[in-house]
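Worksheet: the structure to be examined is printed underneath.
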Amino acid sequence: MSVAPPLGKELASTDKKTRDDAVKGLAKFLRTTSNKPMSDLEMAKLWKGIFYCFWLSDKPLVQQELAASLADLLLTMTSSPASFHFLRGFWEAMVREWSGLDYLRSVANVLDMKLTLMGP
């Protein structure tokens, strides 16, 4: 039985409102189900969607807002093991996708990493 939410397409939507709604849905999902373990494959799929959500956010203020929202996701989780698993998924996604980033997107993703590690 899959624990991960079916948000991949919504997170990777070209429509900002759809992506914003998906991030809100993800926050709700993580808040209510963080005590149920997600498989590594489900986490990888989830982070692929989150990665493309950030990829499609081209304007600096939109990127900053999204990076802060993504960093806050860790705070919505009620289980430390789930939080660490979510954070590990972040790093695995960064390692997997980094070589495909152009310079400007890598700068934006560094902002995402900074906010994820240090908070807004």
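Quick notes on this one:
- Accessible area (Å², 1.4 Å probe, nearest 10) - Trp47: 10 Å²
- Per-residue SASA entry for Phe84, accessible area with 1.4 Å probe, Å² rounded to 10: 140 Å²
- Where Cα atoms sit under 24 Å apart: lysine pairs in region 1-97 separated by 8 or more or lying on different chains: 26
The values are calculated or read from the model by the stated rules, or taken from the named source; none is laboratory data. A quick note: this is a predicted structure, and the numbers were derived from the prediction, not measured. Side chains included, ligands, DNA and RNA excluded: accessible areas come from the protein's heavy atoms. Shrake-Rupley method; radii C 1.70, N 1.55, O 1.52, S 1.80 Å.
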